[in-house]
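Here the structure comes first, spelled out in structure tokens, and everything after it is commentary.
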Amino acid sequence: MRRKLVAGNWKMHGTRSGTAELIESLLGAMPDGQAECAICPPFVYLTDAARLLRGSPVLLGAQDVCAEAQGAYTGEISGAMLRDVGCHFTLVGHSERRALYGESDELVARKFAAAQSQQLVPILCVGEVLAERESGRTHEVVGRQLDAVLQVVGVAAFARAVVAYEPVWAIGTGRTATPEQAQDVHAFIRGRLAARDANISGSVRILYGGSVKAGNAAEIFGQPDVDGGLIGGASLKADEFAAIVAAAG
Ligand code: 13P
């Protein structure tokens with residue numbers, strides 16, 4: 001049985017005091033359910049967040065990690081640093097990093113490996129842009145993004161990883177994939193992993209991300225290959241995020 005996971009990607013939002021308030025409200029609103037829950041605040045608030053989350057069931061994640069272990073990489077944050085401040089997860093390959101900061105499939109694969117080398121659980125984000133979907137290339141694009149990582153780390157590494165399918169056209173647009181569209185790509189991803197290792201493919205969690213709200217979460221999470229969600233905007237409102245976690249439990 002795959003335990004559902006709901007992770008909040010706060011992106012570049014909030015203030016130090018706002019982070020504390022949001023975490024306090026979130027802890028007050030969290031349902032007692034079976035779903036696992038994580039939040040990914042901005043780097044500079046991770047230490048505060050770790051302190052506030054201590055003793056709670058909510059896990060901490062980062063939004064990105066450097067592919068290198070240490071050294072002269074101005075502005076970068078290593079996996080060891082993230083682990084040191086209490087992170088359990090880190091996102092890798094979010095579409096905003098790929099599109100706005102030029103992260104290649106190859107760099108994302110190296111970030112995935114760097115995260116795991118520090119015992120962080122990478123949440124590998126994949127997904128197609130609208131033009132790719134409209135030209136029927138969704139599986140090709142998602143397959144390429146997945147294969148790039150498989151080539152570097154091998155399928156066994158997915159025993160300690162999470163995949164997030166985030167169609168780029170659904171991120172922050174209010175236009176969510178239909179449950180059928182999500183299930184189709186999730187089944188494709190699982191099948192791609194199954195071709196290499198059926199046991200690992202059966203245990204890896206595949207999250208859906210893109211305009212998930214309290215109102216549509218249950219339907220999407222009800223699909224057989226959807227194991228939870230990666231939530232952007234709605235993770236910045238405690239009640240809304242708690243309701244999404246409840247929908248997964
Ligand atoms: P939204 O939930 O705001 O569409 O963002 C999704 C996302 O990018 C999570 O990583």
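Some values worked out for this structure:
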quantity: For the chain, built as a Gaussian network whose Cα springs stay under 10 Å, the top-fluctuating residue of 162, 65, 141; calculated: 141
quantity: Along each principal axis, Cα extent of the chain, largest first, Å; calculated: 46, 45, 34
quantity: Top positive-direction residue, dipole computed over the chain with Cβ charges, set 9, 66, 104; calculated: 66
quantity: Theoretical FRET efficiency, 1/(1+(r/R0)^6), r = Cβ-Cβ of residue 137 and residue 73, R0 41 Å, to 0.05; calculated: 0.75
quantity: Solvent accessible area, Å² - residue 221, 1.4 Å probe, full protein context; calculated: 10 Å²
quantity: Spatially proximal lysines relative to residue 213 (Cα-Cα < 25 Å; intrachain offsets below 8 disregarded); calculated: 4, 11, 237
quantity: Relative contact order for the chain, counting Cα pairs under 8 Å that sit 6 or more residues apart, in percent; calculated: 24 percent
quantity: Cβ-derived FRET efficiency at R0 30 Å, residue 160 paired with residue 195, nearest 0.05; calculated: 0.95
quantity: Hydrodynamic radius of the range 1-124 per Kirkwood, over alpha carbon pairs, in Å; calculated: 15.0 Å
quantity: Segment residue 44-residue 106, extension gain: residue separation times 0.36 nm, minus the distance between their alpha carbons; calculated: 19.6 nm
quantity: Mean shadow area of the range 57-198, taken as a quarter of the surface of its Cα convex hull (nm²); calculated: 9.4 nm²
quantity: Accessible surface of the chain [probe 1.4 Å, protein heavy atoms]: carbon and sulfur percent; calculated: 51 percent
quantity: Amide proton proximity set for residue 91, modelled H, under 5 Å, gap of 5+; calculated: 62, 63, 64, 123
quantity: Normalised per residue, the volume of the convex hull around the Cα set of the range 183-228 (Å³); calculated: 60 Å³
quantity: Among 40, 125, 66: highest mean-square fluctuation, GNM of the chain, C-alpha pairs under 10 Å; calculated: 66
quantity: 16 Å Cα-Cα reach of residue 111 towards aspartates and glutamates, excluding residues that sit fewer than 8 places from it in its own chain; calculated: 64, 68, 76, 96, 103, 147
quantity: Estimated inter-spin distance, residue 15 and residue 51, nm [label 7 Å along Cα→Cβ]; calculated: 1.8 nm
quantity: GNM result for the chain, Cα springs below 10 Å: residue of 191, 33, 71 fluctuating most strongly; calculated: 71
quantity: Phi-based couplings in Hz for the range 42-58 (Karplus 6.51, -1.76, 1.60; Gly and Pro marked x); calculated: x, 3, 5, 9, 5, 5, 4, 4, 4, 5, 5, 8, 3, x, 9, x, 7
quantity: In order through the range 71-81: 3J(HN,Hα) via Karplus (6.51 cos²θ - 1.76 cosθ + 1.60), integer Hz, x for Gly, Pro; calculated: x, 7, 10, 3, x, 8, 10, 8, x, 4, 5
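The values are calculated or read from the model by the stated rules, or taken from the named source; none is laboratory data. Remember, predicted model here, so these are calculated numbers, not experimental data. Quick reminder, even Gly has a Cβ in these numbers, built from the backbone with ideal geometry, and neighbours come from all protein chains shown. For accessibility, only protein heavy atoms count, side chains too; no ligands or nucleic acids. Shrake-Rupley method; radii C 1.70, N 1.55, O 1.52, S 1.80 Å.
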